[in-house]
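Nothing in this text is a laboratory measurement; each read-out follows from the coordinates by a stated rule. Since the model is a prediction, treat every value here as computed from it, not as a measurement. So basically every Cβ, Gly included, is an ideal-geometry build from the backbone, and we count neighbours across all protein chains shown.
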Amino acid sequence: MIIAIDGPAASGKGTLARRLAGHLKLPHLDTGLLYRATARALIEHGHDLADRAAAVSAARSLALTNFDETLLRGREMAEAASVVAAIPEVRAALIDMQRSFARRPGGAVLDGRDIGTVICPEADCKIFVTASDEARATRRALELRGRGEKVDYAAVVEDIRKRDERDSSRSTAPLKPATDAVMLDTTKLDVEGAFRAALAIVETVP
Ligand code: C5P
């Protein structure tokens, strides 16, 4: 079974995907990490984020096993990831890796922005996770503070707004629900509530 979970920044899709994968004993791929790692490689080597050739080469050199998440989860890398993710050649360079992960025997859970629309249009179950802007900003601010970043709420609201706008308006694989995705609004749900609601959706798959 392939489960595709998409949604905007800080909607709770990552936590949800991890919980579902653990429960169903399926491997999980957080595809945002691929874009974050591409951006980090560029920055580390002193390249401009708009340097397409360098961005494509960084994306092609990624190996799924060598992510140091602690270096990728911060504010700066989220913003940079969204810039490189708008480059069509970068997205193309990352497709095979994601599809072969999804097609492992037994299935997989993938979360991102374009899993249900582009990476796995054939997924058995597609969930598009949303939450109000306020709920998402509150969660992201808590997460960043938990990681030791000093952030104020207004800056986080602005980050999320800018990133969603860029992710939704790009020409290649914009953030949008697949026509056959089930919408899940987590605004009023805690982690456990969101997990139960998602599991109920997964359980409707024949
Ligand atoms: O999900 P996360 O916040 O880690 O994603 C970081 C950025 O990577 C997103 O804002 C988006 O620009 C990009 N991304 C994407 N397609 C995906 C996953 C992430 O464009 N499937």
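Filter segment 166-179 down to the residues that are of a type outside the set (Val, Ile, Thr) and either surrounded by 12 or more Cβ atoms within 10 Å (Cβ to Cβ) or touching an Asp or Glu at 6+ places or on another chain (Cβ under 8 Å) (or both) and list them by number. It would help to see each step written out before you state the result.
So in segment 166-179, the residues of a type outside the set (Val, Ile, Thr) come out as 166-171, 173-178.
Result: Arg166, Asp167, Ser168, Arg170, Ala173, Pro174, Leu175, Lys176, Pro177, Ala178.
Got a sec? Which of Ala21, Ala59, Ala10 is at negative phi and out of contact with any Ser or Thr (no Cβ under 6 Å at 6 or more places or on another chain)?
Of Ala21, Ala59, Ala10, the one residue that is at negative phi and out of contact with any Ser or Thr (no Cβ under 6 Å at 6 or more places or on another chain) is Ala21.
If you check Leu64, Leu142, Leu72, which single one turns out to be touching a Phe, Trp or Tyr at 6+ places or on another chain (Cβ under 9 Å) and either among the hydrophobic types (A, V, I, L, M, F, W, C) or within 19 Å of Gly14 (Cβ to Cβ) (or both)? It would help to see each step written out before you state the result.
Numbers: Leu142 fails: touching a Phe, Trp or Tyr at 6+ places or on another chain (Cβ under 9 Å); Leu72 fails: touching a Phe, Trp or Tyr at 6+ places or on another chain (Cβ under 9 Å).
Of the residues listed, the single one that is touching a Phe, Trp or Tyr at 6+ places or on another chain (Cβ under 9 Å) and either among the hydrophobic types (A, V, I, L, M, F, W, C) or within 19 Å of Gly14 (Cβ to Cβ) (or both) is Leu64.
Could you please give the count of residues in segment 1-30 that are in contact with a Pro (Cβ under 9 Å, 6 or more places away or on another chain) and either of a type in the set (Asp, Glu) or surrounded by 23 or more Cβ atoms within 10 Å (Cβ to Cβ) (or both)?
If we filter segment 1-30 for residues that are in contact with a Pro (Cβ under 9 Å, 6 or more places away or on another chain), which is where we start, we get 4, 6-7, 21.
Adding the requirement that they be either of a type in the set (Asp, Glu) or surrounded by 23 or more Cβ atoms within 10 Å (Cβ to Cβ) (or both) leaves 4, 6-7.
The number of residues fulfilling the criteria is 3.
Mind telling me which of the residues Thr38, Thr31 ends up being near the ligand (Cβ under 10 Å from one of its atoms), within 29 Å of Ala141 (Cβ to Cβ) and touching a residue at least 60 places away in the same chain (Cβ under 8 Å)? Full working, then the answer.
Numbers: Thr38 fails: touching a residue at least 60 places away in the same chain (Cβ under 8 Å).
Result of the check over Thr38, Thr31: Thr31.
For the subset of segment 98-115 comprising residues that are part of a helix (DSSP H, G or I) and crowded, with 18+ Cβ neighbours inside 10 Å, which member is nearest to the ligand (Cβ to nearest atom)?
Initially, segment 98-115 is screened for residues part of a helix (DSSP H, G or I), giving 98-102, 115.
This time we only want the ones that are crowded, with 18+ Cβ neighbours inside 10 Å, so: 98, 101-102, 115.
Details: Gln98: 8, Phe101: 12, Ala102: 12, Ile115: 6 Å.
The extreme case among them is Ile115.
Read through the list (1) without any contact (Cβ under 8 Å) to a residue 12 or more places away in the chain; (2) within 12 Å of the ligand (Cβ to nearest atom), then give the number of the only condition that Thr172 fails.
It fails just one condition, (1).
Specify which of the listed residues (Glu134, Glu143) is within 11 Å of the ligand (Cβ to nearest atom), farther than 21 Å from Val84 by Cα and either in contact (Cβ under 8 Å) with a residue 24 or more places away in the chain or of a type in the set (Asp, Glu) (or both). Walk me through how you get there before you give the answer.
Details: Glu134 fails: within 11 Å of the ligand (Cβ to nearest atom).
Among Glu134, Glu143, only Glu143 is within 11 Å of the ligand (Cβ to nearest atom), farther than 21 Å from Val84 by Cα and either in contact (Cβ under 8 Å) with a residue 24 or more places away in the chain or of a type in the set (Asp, Glu) (or both).
Here are some conditions: (1) buried (at least 18 other Cβ atoms within 10 Å of the Cβ); (2) among the basic types (Lys, Arg); (3) away from the ligand (no atom under 14 Å from the Cβ). Arg91 meets all but one. Which one does it not meet?
So Arg91 meets the others, but not (3).
Restricting segment 34-66 to residues that are in contact with a strand residue (DSSP E or B) (Cβ under 9 Å, 6 or more places away or on another chain) and hydrophobic (A, V, I, L, M, F, W, C), which is farthest from Asp111 (Cα to Cα)?
Residue satisfying both the conditions and the ranking: Leu64.
Among the residues of segment 175-197, how many are within 16 Å of the ligand (Cβ to nearest atom) and free of Cβ contacts under 8 Å to residues at least 12 places away in the same chain?
0
Identify the single condition in (1) buried (at least 23 other Cβ atoms within 10 Å of the Cβ); (2) within 12 Å of the ligand (Cβ to nearest atom) that Val118 does not satisfy, given that it satisfies every other one.
Evaluating Val118 over (1) buried (at least 23 other Cβ atoms within 10 Å of the Cβ); (2) within 12 Å of the ligand (Cβ to nearest atom) leaves (1) as the failure.
Looking only at segment 110-139, count every residue that is in contact with a Phe, Trp or Tyr (Cβ under 8 Å, 6 or more places away or on another chain) and either among the aliphatic types (A, V, I, L, M) or more than 24 Å from Ser100 (Cβ to Cβ) (or both) and tell me the total.
Residues that pass the stated criteria total 3.
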